Amino acid sequence: MLTVEELNDRLIDLAFAEDIGDGDHTTLCCIPTDAMGKSHLLIKEEGILAGVEIAKEVFHRFDPEMKVEVLMGDGTHVKPGDIAMIVTGRMQSLLQTERLMLNIMQRMSGIATMTNRYVRRLEGTHTRVLDTRKTTPGMRMLEKEAVKIGGGTNHRIGLFDMILLKDNHVDFAGGIENAINRCHEYLKAKGKDLKIEIEVRNFDELNRVLAIGGVNRIMLDNFSVPDTKKAVELIAGRFETESSGGITFDTLRDYAEAGVDFISVGALTHSVKGLDMSFKAC
């Protein structure tokens, strides 16, 4: 399995390949090869900065001689007018790395900013905000890192690091009991030690899970706030609890106060607006 660093390297290579192709002919036709320059990253919107470390990798992977002076690191609360970094190097390199760096940093900063807003909404409760697998293909590691920078908690990274028995798995397996039993048989046969979570859609399914056990966490899918509170009382600390489905920023705290341990929010990564910033010559 590829490491995070290897995945990021592949993403950067692919991104440059699709953007530059056989050459940035605009830059190459009018900027001398040996011309040196300096650009700064200007923040134009209040939020949480994220993506500084991967931005450094973008610059150095394209041109190892580029020099990056970081003035504000990942997780910094930024406001319009702030200068987050200054980059010195060949003008051609500054121009050819600008868009990829901005695409990554704007998206990651947008995710960190939204996540931080959700996290602050839950202050005073024990509930943690989780991300989901509803991420941009190829950018999952960066987007999940942005969630952490914003103060959120990562759910599973992919299909490989946790068992999550969702409604379709249960239905295809022929019921909750079959799904859980087959899960344990599989893990034993493969010699794997993975946490198990199961989604329930109603109290009948919840009671079936409570009767059979064998899981670490129960996901309450599309439960109302009153039903969530009732479900948490039934589970009574035997398993971790997670609320999911149709939860908005306005209802987030209500679910937390119902007592769940986690709330998963797909919007952290699938509906985010990038944080406004620009990379200008200085």
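The values are calculated or read from the model by the stated rules, or taken from the named source; none is laboratory data. Here the structure is a predicted model, which means the values were calculated and not measured. Every residue, glycine as well, gets a Cβ built from its backbone with ideal geometry; the counts of neighbours run over all protein chains shown. When the accessible area is computed, the model is the full protein with side chains, heavy atoms only, and any ligands, DNA or RNA have been set aside. Shrake-Rupley method; radii C 1.70, N 1.55, O 1.52, S 1.80 Å.
A single member of L49, L14 is open to solvent by 90 Å² or more (accessible area, probe 1.4 Å), farther than 16 Å from T88 by Cβ and hydrophobic (A, V, I, L, M, F, W, C), and it is L14. Only residues that are in contact (Cβ under 8 Å) with a residue 12 or more places away in the chain and either open to solvent by less than 20 Å² (accessible area, probe 1.4 Å) or outside any helix (DSSP H, G or I) (or both) were counted in region 214-247, giving 23. For region 80-89, the criterion of being open to solvent by 40 Å² or more (accessible area, probe 1.4 Å), touching a strand residue (DSSP E or B) at 6+ places or on another chain (Cβ under 9 Å) and part of a loop (DSSP other than H, G, I, E, B) is satisfied by at least one residue. Do we have any residue at all in region 194-208 that's at pLDDT 95 or above, farther than 20 Å from D261 by Cα and surrounded by 14 or more Cβ atoms within 10 Å (Cβ to Cβ)? The answer is yes, given that some residue of region 194-208 is at pLDDT 95 or above, farther than 20 Å from D261 by Cα and surrounded by 14 or more Cβ atoms within 10 Å (Cβ to Cβ). For region 260-282, the set of residues classified as touching a residue at least 40 places away in the same chain (Cβ under 8 Å), of a type outside the set (A, V, I, L, M, F, W, C) and not in a helix (DSSP H, G or I) consists of D261, S264, G266, K273, G274, D276, S278, K280, listed by residue number. Which residues, taken from region 127-145, are within 8 Å of the chain's Cα centre (by Cα), of a type outside the set (S, T, N, Q), open to solvent by less than 50 Å² (accessible area, probe 1.4 Å) and closer than 30 Å to G237 by Cα? The answer is D131, K144.
Of the residues making up region 251-282, those that are over 22 Å from R201 (Cα atoms) and either touching a Cys at 6+ places or on another chain (Cβ under 7 Å) or open to solvent by 30 Å² or more (accessible area, probe 1.4 Å) (or both) are H270, S271, K273, G274, D276, K280, A281, C282.
Pairs linking a residue in region 165-193 that is over 14 Å from R208 (Cα atoms) and without any contact (Cβ under 8 Å) to a residue 60 or more places away in the chain to a residue that is surrounded by fewer than 16 Cβ atoms within 10 Å (Cβ to Cβ) and among the hydroxyl-bearing types (S, T, Y), with Cβ atoms under 9 Å and 6 or more positions apart or on different chains, are K192/Y186. Filtering region 169-213 to residues that are assigned to a strand (DSSP E or B) and out of contact with any Asp or Glu (no Cβ under 8 Å at 6 or more places or on another chain) leaves I196, I198. Answer yes if at least one residue in region 100-116 is in contact with a helix residue (DSSP H, G or I) (Cβ under 7 Å, 6 or more places away or on another chain), assigned to a loop (DSSP other than H, G, I, E, B) and either open to solvent by less than 20 Å² (accessible area, probe 1.4 Å) or touching a residue at least 12 places away in the same chain (Cβ under 8 Å) (or both), and no otherwise. No, region 100-116 has no match at all.
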